[in-house]
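Just so it is clear, none of the values below were taken in a lab; they were calculated from the coordinates. Note that the structure is a prediction, hence the values are computed from the model and not measured. Using ideal geometry, Cβ is built from the backbone for each residue, glycine included, and neighbour counts are taken over all protein chains shown.
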Amino acid sequence: MSILVDESTRVVVQGITGREGAFHTKQMLDYGTVVAAGVTPGKGDREVDGVPVFNTVKQAVEAQGVNVSCIFVPPPFAADAIIDSAAAGLDLIVCITEGIPVLDMVKVAGFLKNKKSVLIGPNCPGIISPGKTKVGIMPGPIHKPGTMAVISRSGTLTYEVVDQLTETGLGQSTCIGIGGDPIIGSTFIDHLKRFKEDPETEGVVLIGEIGGTAEEEAADYIREEFNKPVIAFIAGQAAPPGRRMGHAGAIISGGQGKAEDKIKALLAAGITVALNLGDLGATVQEVMEKS
Amino acid sequence: MSILVDESTRVVVQGITGREGAFHTKQMLDYGTVVAAGVTPGKGDREVDGVPVFNTVKQAVEAQGVNVSCIFVPPPFAADAIIDSAAAGLDLIVCITEGIPVLDMVKVAGFLKNKKSVLIGPNCPGIISPGKTKVGIMPGPIHKPGTMAVISRSGTLTYEVVDQLTETGLGQSTCIGIGGDPIIGSTFIDHLKRFKEDPETEGVVLIGEIGGTAEEEAADYIREEFNKPVIAFIAGQAAPPGRRMGHAGAIISGGQGKAEDKIKALLAAGITVALNLGDLGATVQEVMEKS
Amino acid sequence: MKLHEYQAKDIFGKSGIPIPNGQVVTAVDQVNRATQIISGPPWVVKAQVHAGGRGKGGGVKVVHYPYEVVTATESLLGKHLVTPQTGPEGVIVNQVLIEEGVEISHEYYLSMVVDRTTACPTMIFSQAGGMEIEEVAASSSELILKEHIDPAVGWMMHNARNLLYSQVPPPPFGALRALMSVMANVYKIFMTLDCTLLEINPLVLTKDLKVFALDAKVTIDDNALFRQKELLLLDDPREKDPLELMAEKYHLNYIRLDGNIGAMVNGAGLAMATMDVIKMAGAEPANFLDVGGGASEDMITKGVEIILKDRRVKAILINIFGGILRCDILAKGVVAAAKKNRIRVPLIVRLEGTNVKEGREILKNSELEFLVAKDLGEAASLVSKQVSS
Amino acid sequence: MKLHEYQAKDIFGKSGIPIPNGQVVTAVDQVNRATQIISGPPWVVKAQVHAGGRGKGGGVKVVHYPYEVVTATESLLGKHLVTPQTGPEGVIVNQVLIEEGVEISHEYYLSMVVDRTTACPTMIFSQAGGMEIEEVAASSSELILKEHIDPAVGWMMHNARNLLYSQVPPPPFGALRALMSVMANVYKIFMTLDCTLLEINPLVLTKDLKVFALDAKVTIDDNALFRQKELLLLDDPREKDPLELMAEKYHLNYIRLDGNIGAMVNGAGLAMATMDVIKMAGAEPANFLDVGGGASEDMITKGVEIILKDRRVKAILINIFGGILRCDILAKGVVAAAKKNRIRVPLIVRLEGTNVKEGREILKNSELEFLVAKDLGEAASLVSKQVSS
């Protein structure tokens, strides 16, 4: 009924004593997430909202058996935090931090190649399995348990989409923001593979944007291997080339990454593409009713 | 009847125009090895003993379909050569070169972690499947096809052992010199796993020496998982601590790596250990007759 | 952050990548001295602007007499240069680079970027130098060679050899060493200075097999500037749009575009999608503005002000999906902006999410005139109406 | 290649690892000046020798008056220092390091090596500083913490935190930053200088939370010296056995041991196994000598000469399994050595492998007196006979 996170998820918040970390720890606790530990080096003696704080991820694992990390540490230290969690053997690492240098992420990606840890993000809202747990910063109340999966490169745009789904009565199995940076830990395809195996997920909403070729690669994968309905939306049709549209990864460069190419690839793979964001909820409903 | 190399093996010799490379290319050809290509940057237009020379491994792969490399390039360039071959997708890389800096091998080991290529060596005599092919520098004539496997950290010591085996009438399936350096591409255990699956291998001679804990780890593996007779010999019982006995890896340091500890571990795992090198052939014969 | 050609070449020179002798001038009276120092004829006079396509815009002149260096400089310095990558108004040239001419026997293309799919720094090399690489990619992609570098092991000689020996024919033997050295240095600079792009086009070979970087494009990762403090000194704010500069000061993500509908949104993806909505409605967005997840009331106020400063703006669409950014904060910021500035254009507001009720209340109780859109569809039709009216 | 303490500390100091002020003296008349420069009392006077266990051998003296610095230096300089790691004859002290005394509040152990199993540089940290780490490992291994460093990402702060916060109790908060900085610098030096061992024992904390490396052991990878040319200047050949130095010159792998049976073998593994054979036969090897795979006739000659220079040698065993090294080359080299030097001890020769017939023929036709062993068993019994006779 969900992938990667559910009721059994035990979260450690890295950077829990910071402003963002503390705020969202409370939000996650309110949603019902089991936040079992926090980590802030040098502050391993206090509590945040009743959550014990440790100096290292290793200690949090040993004392609290956490298996998922949620990272709020500032950009200069975020790569260290990710690698720390991976070295400590966590199953899933959700990195919210925006603004990590690209070459730091190159390092992280290299390190993760032969590790079991899955990384979501960075520069992402996180992951939520509605009604079970949320690991991230998305507003909980707009979600509703159900059978639609959402994978997105964006934050608020995802909330908009989820809200439309919920409004039209379509609940969600798991929603994942994979992040808006050029180098991210896990891609559309990584999660599509998981949703393929998840019996409760009946369809997927894929939200892309300009920059890179992740949507084209996802289209190839879906055409060849994916067996559930996919509805896509691509942001940035009106974006000019050469400019970074907010997200570090959202840039059309060297003729690559245009919204129209992505839409073309998705359509060619037989995927329904909603061209207007306002229509997305209705489009999804239509496709799912037909299938 | 052999592991890793056989009649289908197509070898590329890296550093083929050097003194050692040219000499052993001839020796391998004489043994019947298919040396299909050589590589020496900047000399990609000549031939050595009828073997075409290329500028890059990539070109040798494309033109000649080589799948195994044998490296004779000098130590400062050897790590580059290994990584080059691994990046080009070769199945097996045999590095003869002695004297590669340890930190270069740290890099190589890191690179190989998520690659399919198997590395034998460095600082090793190579691998031979008698009667089929040899990729390395061992004297061919002392070998004889048969059912004994040999895995060794040493060069001439291996020849001595193989000679004794052949003299006592015991042929060999595959003999591998894994190398005398502290960091090597593949270990006793890596090859024991392969010999376990090789139907034609009936027993294994394991030749260790002082330094490290590879023999102790092999003993653990053999006790728990290996199902064929193993006869071991450990060189360096008379070696003093703190001195590097020729091989960069043959040094007793920090109380670790003593011959007596290794012998103890092997005996504890139920492995027959020949204490005197002169008796090894006879010991192997005895064990194999009993089994 | 983009570097100027002369700044990038300065870094190249210090790192061992050969560059032609050159001198930057910021005034015409510096030209004669520069011409004396730099050997010629010929001399090359190059406008120093961040915008690409400079050659096509007349920003590069090859001259053969000292007096021509002066006139060429005069024709550029302080003038507006229009290139395919600037708007029709062009950009002002504040600096000119005067260089010795180099006799070219062959032109290569060499660049480094981070490849997204493999997450590896990747070197791109082509014997079709001097052309726009996009054009080469479109017409003869087989001429473009790529080498992915595993950052765990760094640049190795075989990487260079794979690129060089795959050329047909390979570069002359006598030039290989110099080319390999340039490649190794490109990797080093790229990694050390946190580049996102390092491009040498063309990298030329002279008849006597010398190698020179004739042009240089370097972009630094903005996210890494915290550890590249010296590079910050190379920032040239004159190259930026004044409104974008102002937005930067307030940590607002603002990009000026060519349309007439201003937009203020939280979140980059939603901001792009909002631009798309505007375009679908038959209008053109005047800007991209993401106020971010953690925007304060003051940031919202500044955002509205910046949009208003753009005289082309005929209407403003505020589209907020409240998450971390609460709708009441947004509303307060907008009201504050309206108090300080006369909002001279129609304002369309669409609020949703956290504290939406409070937000709507605040707007309603203010003296602000605005149109409410209850969803994106309605927002689009309101925009459409503004344009057609 | 081993560095002296003072050389290693010099590197530390330049790299930002705090060390006590100190001065090296090579003659007693330099002591007064040194004592004036270095603050004290107390002063610490330390013999600079490569052998470990220096403290136990009386090589480190803490003194409280300037005249004691002189007498302590006198008692060391030019004298033989015997430690648990030297032979009974000890080693000569050529340099003495005079240092300011540091008030110690806590002693840590910190080192870096390359872990063979994981192929990773590995930092070892323990709060049981000042003791031999082998002893700590044997008695309370739980006090020894290891952190494997993935070379792809290098040293990261969480590595330091894992080591520091696992201590019970952790080091005082005020000292954490300094300790983390030492750790980061240790990694940097280790990787930059191609170390195989870098050890600081003890790494001390003073009462006012300052950190100092009180001792320093650094070993450089011999295989990497080709790219560490500056370090070659730090080599101190006086610390080496003269015969080993001579062997080094001829690229022979020779190690002097305490026994009386000389051995010459091709290949390190076979050489070790031959030493074992000698020991099993009831004798003791006088040396390890691997002439290598590619030995020339001249190298063989030199090898025999070096063995003969060791006056303790009572018999020589030559054990060659011809592979690349052909038996005829070996034989010629031995015969040449016999012509130049009187071989005053019995010679046992065992030849096998490539060109064995030719080799045996050459020996037989020479005027050399030698015993032939047809296999290792026979070689052992011949050695045994020589020892008992």
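Residues whose amide H comes within less than 5 Å of that of B:Q14, counting only those at least five positions distant or on another chain, are B:V39, B:C70, B:I71, B:F72 (H built at 1.01 Å from N in the peptide plane). For segment C:288-327, trypsin sites (Lys or Arg not before Pro) are listed when DSSP marks them as loop and at most 11 other Cβ atoms sit within 10 Å of their Cβ; the list is C:R311.
In the protein assembly as shown, helical runs assigned H by DSSP with n ≥ 4 each contribute -39500 (n - 2.57); averaged across all residues and rounded to the nearest 500, the mean residue ellipticity at 222 nm is -10500 deg cm²/dmol. Entry note, segment D:242-388: relative contact order of 24 percent, from Cα contacts under 8 Å with a spacing of 6+ residues.
For segment D:109-117, the Karplus equation 6.51 cos²θ - 1.76 cosθ + 1.60, evaluated at θ = phi - 60°, returns couplings of 10, 9, 8, 9, 9, 9, 6, 5, 5 Hz by residue, with Gly and Pro reported as x. Electrostatic bookkeeping for A:A219 treats Lys and Arg as +1 and Asp and Glu as -1; over the other residues with beta carbon under 12 Å from its beta carbon, the sum is -4.
Summarising the amide proton neighbourhood of B:L119: residues at separation of 5 or more, or on other chains, whose placed amide H is nearer than 5 Å comprise B:I93. Placing a label point 7 Å from Cα along the Cα-to-Cβ axis, C:V372 is separated from the same position in the other copies by 11.3 nm, shortest listed first.
Based on the alpha-carbon set only, what is the convex hull volume of segment A:138-291 divided per residue, in Å³?
On the way: hull volume 15.3 nm³, N = 154.
Dividing the Cα hull volume of segment A:138-291 by its residues yields 99 Å³.
Taking Lys and Arg as +1 and Asp and Glu as -1, the other residues whose beta-carbon sits under 11 Å from that of A:F195 total -1.
Within segment C:148-176, list the residues whose amide N lies under 20 Å from a label point set 7 Å along Cα→Cβ of B:E62. Residues C:148-150, C:156-173, C:176 qualify, since their backbone N sits under 20 Å from the label point.
Between 0 and 90 degrees, the angle of helix A:188-197 with respect to the longest Cα principal axis of chain A falls at about 90 degrees.
Over chain D, the fraction of Cα-Cα pairs per 20 Å bin, rounded to whole percents and listed from the shortest bin up, is 24, 44, 28, 4. Both radii come from the Cα set of segment C:106-232: Rg as radius of gyration, Rh as Kirkwood radius; their ratio Rg/Rh reads 0.96. Once you have a ≥ b ≥ c as the square roots of the Cα gyration tensor eigenvalues for segment A:79-164, tell me rounded if a/c is under 1.5, and otherwise prolate or oblate according to whether a/b is larger than b/c. Because a/c hits 1.5 or more and a/b exceeds b/c, segment A:79-164 counts as prolate. For the peptides A:89-95, B:156-162, the ranking by packing is B:156-162, A:89-95, with the highest mean count of neighbouring Cβ atoms within 10 Å listed first.
Residue-wise HN-Hα couplings along segment A:250-260, as the Karplus relation 6.51 cos²θ - 1.76 cosθ + 1.60 with θ = phi - 60° gives them from phi, are 8, 8, 8, 9, x, x, 9, x, 5, 4, 5 Hz; Gly and Pro carry x. Ratio of Rg to Rh for chain A: 0.97 [Cα atoms; Kirkwood radius as inverse mean 1/r over pairs]. Averaging Cα coordinates gives a centre for segment B:1-24 and one for segment B:101-160; these two points are 11 Å apart. Among A:N123, A:N55, A:N276, the residue with the largest mean-square fluctuation in a Gaussian network model of chain A, with springs joining Cα atoms closer than 10 Å, is A:N276. The mean number of partner chain beta-carbon atoms within 10 angstrom of a residue's beta-carbon across peptide B:136-142 is 3. Against chain A, whose longest principal axis comes from its Cα atoms, helix A:19-31 is set at around 70 degrees.
In sequence order, segment B:134-145 has phi-based couplings of 10, 10, x, 10, 5, x, x, x, 6, 8, 8, x Hz under the Karplus curve 6.51 cos²θ - 1.76 cosθ + 1.60, θ = phi - 60°, and Gly or Pro positions carry x. In whole Å, what is the distance between the alpha-carbon centres of segment D:310-384 and segment C:66-85? About 85 Å separates the Cα centre of segment D:310-384 from the one of segment C:66-85. Assign one of three labels to segment A:1-100, namely rounded, prolate or oblate, based on the Cα gyration tensor with a ≥ b ≥ c the square roots of its eigenvalues; rounded applies when a/c is under 1.5, prolate when it is not and a/b is larger than b/c, and oblate otherwise. It comes out rounded by the Cα gyration axes. Computed from the Cβ-Cβ distance with R0 of 56 Å, the FRET efficiency linking D:E378 to D:R177 stands at 0.25. Applying both filters, DSSP loop and at most 16 other Cβ atoms within 10 Å, to the GluC sites (Glu not before Pro) of segment A:162-245 gives A:E200.
Please go through the residue pairs A:K43/A:K107; D:K9/D:K188; A:K116/A:K258 and name each one whose alpha carbons sit more than 24 Å apart in this structure. Where the Cα-Cα span goes over 24 Å, the pairs concerned are A:K43/A:K107; A:K116/A:K258. The D:V387 and D:E361 beta-carbon pair, evaluated with R₀ = 25 Å, returns a calculated FRET efficiency of approximately 0.25. For B:I100, the shell of other residues with beta-carbons less than 11 Å away shows a net charge of -4, using +1 for Lys and Arg and -1 for Asp and Glu. Between copies, B:G140 shows label-point distances of 7.4 nm, shortest first, with the point placed 7 angstrom from Cα along Cα to C-beta. What separates the Cα centres of segment C:87-137 and segment A:200-261 is a distance of 27 Å. The GluC sites (Glu not before Pro) found in segment D:1-104 that occupy coil by DSSP, while having at most 14 further C-beta atoms within 10 Å, are D:E89, D:E103. Here are some pairs, D:K46/D:K79; D:K2/D:K46; A:K132/C:K357; which of them have Cα atoms lying more than 21 Å apart in this structure? Long pairs (Cα-Cα over 21 Å): A:K132/C:K357. Could you tell me how many degrees, from 0 to 90 and to the nearest 10, lie between the Cα long axis of helix B:102-112 and the main elongation axis, the longest principal axis, of the Cα atoms of chain B? Orientation of helix B:102-112: about 80 degrees from the principal axis.
Treating each Cα of the protein assembly as shown as an identical point scatterer and summing with the Debye formula, the log10 of I(q)/I(0) at q = 0.07, 0.09 Å⁻¹ comes to -0.90, -1.30. Entry note, chain C: relative contact order of 12 percent, from Cα contacts under 8 Å with a spacing of 6+ residues. With respect to the axis relating copies C and D by rotation, the chain C residue whose beta carbon is closest, plus that distance in Å, is C:A152, 2. For A:V205, nonlocal amide neighbours, meaning residues 5 or more places apart or on other chains whose placed amide H falls under 5 Å from its own, are A:A149, A:V150, A:I151, A:I231. Counting Cβ atoms of other protein chains within 10 Å of each Cβ in A:159-166 and taking the mean gives 4. If you take the square roots of the eigenvalues of the alpha-carbon gyration tensor of segment C:306-389 and sort them as a ≥ b ≥ c, do you get rounded (a/c under 1.5), prolate (a/b over b/c) or oblate? Judged from the Cα gyration tensor, segment C:306-389 comes out oblate (a/c at least 1.5, b/c at or above a/b). Per residue, the average separation of C-alpha pairs within less than 8 Å and at least 6 apart gives segment A:1-122 a relative contact order of 22 percent.
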